[in-house]
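Worksheet for the structure shown next.
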Amino acid sequence: MKKINLKNILKKTFKKSKSKKKVKKIKVLKKTKNKQTKIKEKIKKVRETSKKNLKSIVKNENLRIPKSNEIKPEIKKIKKQETEKKEYKPKDYIVYPKHGVGQILSVSSKTIGGIELQCYDVKFEKDKAIGLLPINKQSNLRPLATINQVNKSISILKSKPKIKRSMWSRRAQEYEQKITSGKIYELAEVVRDLNKGDDLMVDQSYSERQLFEKAYERILTEFQIVMNLSFEETQKKLDKALKRNLEAQQVLKVAPKIQETTKVTE
């Protein structure tokens, strides 16, 4: 019988295990190498494509004008022109919102509280008073309406009234604000809405009548000066637009015809 040598046996077993491990290691290394090569190939492809893209971009950029050489249009800030305040002269008619139409008599300098101010001396015929208005506060004034504005306000007077169903106190406040605004169209609206015409059956309160008369007188005086007519003629035009005093006007038209017939018979 041969003697069994333990050392030889152990050597052989260890050699086999080592060889197996080495084979495994080699396989792993191969796999990693394959992966690395694949990654490298991908990176190469990406780089090639990026280079191509860069070349195309460079070509396009060469065609374009660089930003440094671009001629940008100069943007100039347009300064708003200062609105020149209208300077009124003596004998000019103006409209002051709280008092209505007035005429400038003269321009005088007054010392008020130790400050020298230039003022307009304005005559209001209705109130029979002369008012002082500083020139620096002339933004409250407005010139007389034009003929086109007068025609438009007459068309407003002819239109249907717009009566709200709110409380009279609130409506009266609104009408007062419109009258004191000094705007001719708003004045025309107040006259149109508060006008009752020849309808005697409709009751009208004292405050309602007062507001109507105030607006009616203001618009009448402005119409008179703008249209350069007499007081009676302007009143006839206003009443015709509002359909007021139609019976009285018809009587006046008939009266001269009767006189003519009597003269012919004589």
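For region 67-98, which positions are modelled with pLDDT of 85 or more and either farther than 15 Å from ASN140 by Cα or of a type outside the set (A, V, I, L, M, F, W, C) (or both)?
Within region 67-98, LYS89, PRO90, LYS91, ASP92, TYR93, TYR96 meet the criteria.
May I ask you to say which residue of SER153, SER139 is under 21 Å from GLU217 (Cβ atoms) and of a type in the set (Ser, Thr, Tyr)?
SER153
Here are the criteria: (1) loosely packed, with under 11 Cβ neighbours inside 10 Å; (2) closer than 30 Å to VAL107 by Cα. Tell me which single one SER166 does not satisfy.
Of everything listed in (1) loosely packed, with under 11 Cβ neighbours inside 10 Å; (2) closer than 30 Å to VAL107 by Cα, SER166 misses just condition (2).
Of the conditions (1) surrounded by 12 or more Cβ atoms within 10 Å (Cβ to Cβ); (2) farther than 26 Å from TYR96 by Cβ; (3) modelled with pLDDT under 90, SER207 clears all except one; give me its number.
(2)
Considering only region 126-156, state which residues are touching a residue at least 40 places away in the same chain (Cβ under 8 Å), closer than 13 Å to ILE104 by Cα and loosely packed, with under 14 Cβ neighbours inside 10 Å.
PRO143, the sole residue that qualifies.
Which of the following residues is modelled with pLDDT of 90 or more and more than 30 Å from the chain's Cα centre (by Cα): GLU174, GLU232, GLU222, GLU189?
Of the residues listed, the single one that is modelled with pLDDT of 90 or more and more than 30 Å from the chain's Cα centre (by Cα) is GLU232.
Take SER181 and decide whether it is more than 17 Å from LYS243 (Cα to Cα) and touching a residue at least 12 places away in the same chain (Cβ under 8 Å).
When the stated conditions are applied, SER181 passes them.
Restricting attention to region 110-153, which residues are under 24 Å from ILE225 (Cα atoms), among the polar types (S, T, N, Q) and in a helix (DSSP H, G or I)?
Answer for region 110-153, where residues must be under 24 Å from ILE225 (Cα atoms), among the polar types (S, T, N, Q) and in a helix (DSSP H, G or I): GLN138, SER139, ASN140, ASN148, GLN149, ASN151, SER153.
The values are calculated or read from the model by the stated rules, or taken from the named source; none is laboratory data. Since this is a predicted model, take the numbers as computed values, not measurements. All Cβ positions, even for glycine, are placed from backbone atoms using ideal geometry, and neighbour counts span all protein chains on display.
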